[in-house]
1. Of the conditions (1) of a type outside the set (Gly, Ala, Ser); (2) buried (at least 18 other Cβ atoms within 10 Å of the Cβ); (3) in contact with a Leu (Cβ under 6 Å, 6 or more places away or on another chain), residue 268 satisfies every one except a single condition; which number is it?
2. May I ask you to list the residues in the stretch 291-329 that are outside any loop (DSSP other than H, G, I, E, B), surrounded by fewer than 18 Cβ atoms within 10 Å (Cβ to Cβ) and of a type in the set (S, T, N, Q)?
3. Run down 288, 278, 233, 262 and say which single residue is touching a Gly at 6+ places or on another chain (Cβ under 8 Å) and exposed (fewer than 14 other Cβ atoms within 10 Å of the Cβ).
4. For the stretch 196-227, give me each residue that is in a loop (DSSP other than H, G, I, E, B) and among the aliphatic types (A, V, I, L, M).
5. Being out of contact with any strand residue (DSSP E or B) (no Cβ under 8 Å at 6 or more places or on another chain) and among the polar types (S, T, N, Q) is the filter; apply it to the stretch 140-173 and report the residue that is nearest to the ligand (Cβ to nearest atom).
6. What is the one condition in (1) farther than 29 Å from residue 126 by Cα; (2) under 19 Å from the mean Cα position of the chain (by Cα); (3) of a type outside the set (A, V, I, L, M, F, W, C); (4) more than 16 Å from the ligand (Cβ to nearest atom) that residue 30 does not satisfy?
7. Which number in (1) touching a residue at least 24 places away in the same chain (Cβ under 8 Å); (2) closer than 24 Å to residue 345 by Cα; (3) buried (at least 17 other Cβ atoms within 10 Å of the Cβ) marks the one condition that residue 26 misses?
8. Checking residue 272 against (1) part of a loop (DSSP other than H, G, I, E, B); (2) more than 19 Å from residue 144 (Cβ to Cβ); (3) in contact (Cβ under 8 Å) with a residue 60 or more places away in the chain: exactly one of these is not met. Which one?
Amino acid sequence: MEERLLKYFRDHEAEIFGDLERLVKAEASTSDLEALAETRKVLEALIRERTGEEPLVYEREGGHDLVRFELGQGEEKLLIIGHYDTVHLIGAIQYRTEGDRLYGPGVSDMKSGLISAIWTARAYKELGIDPGRKLVFIFNGDEETGSHESSDIICGLAENARAALVCEPCVGNGDLKTGRKGNIKFNVTIHGKASHAGNAHKEGINAIQEMAAEILKIQALTDYEAGTTVNVGICQGGTKVNVVPAAASFSVDCRYKSMEEGQRIRREILELPISVPGASREVEIVEGKLPMEETQGNMELFAAAKECGRKLGLSFSHQFVGGGSDGNAVSAMGIPTLDGLGGWGDGAHSESEYLRISQYIPRIALLASLILDIR
Ligand SMILES: [Zn+2]
C-alpha cells in the first residue's frame, strides 16, 4: 500500500505543487481577517475540487472561521488537524525556489500540511481506498495566536476519536513530534510603600527589592532535566530615583512537559514567601496550552508511523518540542496524538521559512499510509 500511495503522489507531483503554490500565495496572517477570508475561500475551493466533498464552515464571531470536511464511514473516527493562518504579514517572504528549497509564507507551517491532508483524501478516492473509519479534517484560522476561537470546536470533534494527527511540519531534522510543552504566564504585582529616599528611607517598603528577591527565586525554579523553563521576561518598577518605590511588577513565561510540573510551578509561584517585611503581592495566572505529554498512545502512533516510514524508505525519530500546537489540547484529553505529519522544512516563523521540495511527496505518502495503518 505504501508504494502504491507513493507512486500516486509522485504521478501527481505537478498538481500537488501547483495547489501548494495557490494556497501559499493566498497569504494571510492571523490578524488580517480580510486576507484570511480569502485564504479560506482558496482552501474551500481546493477541498471541493480535489476531494469532491463540500466543506462545512464554522463561523466564529471574531472572524476566525474553521473549515471541516469528512471522508469515509464507520463508528471509529480519526481527526486530522491543521491551520491556514500564518505569522507572516503579506509580502514578508517572496514565493520562490532555490535548489531543493521552496520559500514562501507558511509554506512549511503549515500550508504544505493542509495540501498533504487534501491530497490524502483525493488519493483514497481516486485509488478506491476505503479508510474503514470516518476521517474528520478540521482546519482553523487562529492557531498562531492561541486558537481562542477554535479550540472548543477542535476538542469537541476530538471526543471519542481513535487518534488525532496534526499536520504541522516535522522537526528540522525530519523527526516527528510526540510531545509538546505546555505554557503558563504569570503577571506578578508587588505593593510596597513610597517614602523619601533620603529623609525617610526606613519608613519605605521597597517594592523593587521584593521583586528582585522574587525574580531570583522564580528563575531558580527552572529544571532543565525535567524540561521546565521559567523566564522572567519583563520587569518594571519605581517612579524616581530618590523615591522608595511603592510598586513593581514582572511577567514570567513558564514551559513544562508534564501536568505535574505545571502544578509545581503554579504552587511555587503562588505561595512564594514575602522577603521584604510589609510588602504584598498579587499573582495573575494566564493559562496557556496544556502539555502534550509523551503518552503511551502517542508513542504507539509514532511506532506505527515509523513502520510506515520504513516501508517508504524514510528514517526519522521523534522529539518532545518546546512550542505548542492544537495537538496539545487534544492530547491532554487523552486522545492519542501525533504531530509533525506535514511537510519537512525549517525556519518556521522567520523570513527564511522553507519546505524541502524533494522530501514533500514522501511525507504526504507517510500521512496517507499512517491513516490506514492505525489499528
Ligand atoms: Zn503551525
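The values are calculated or read from the model by the stated rules, or taken from the named source; none is laboratory data. These numbers were taken from a predicted model, which means no experiment stands behind them. Cβ coordinates were reconstructed from backbone atoms using ideal geometry, including for glycine residues, and neighbour counts include every protein chain displayed.
1. Looking at each condition in turn, residue 268 falls short on (2).
2. 296
3. 278
4. Going through the stretch 196-227, the residues in a loop (DSSP other than H, G, I, E, B) turn out to be 197-200, 204, 206, 220-222, 224-227.
Matches in the stretch 196-227: 197, 200, 220, 221, 226.
5. 145
6. The failed condition is (4).
7. Failing condition for residue 26: (1).
8. Exception for residue 272: condition (3).
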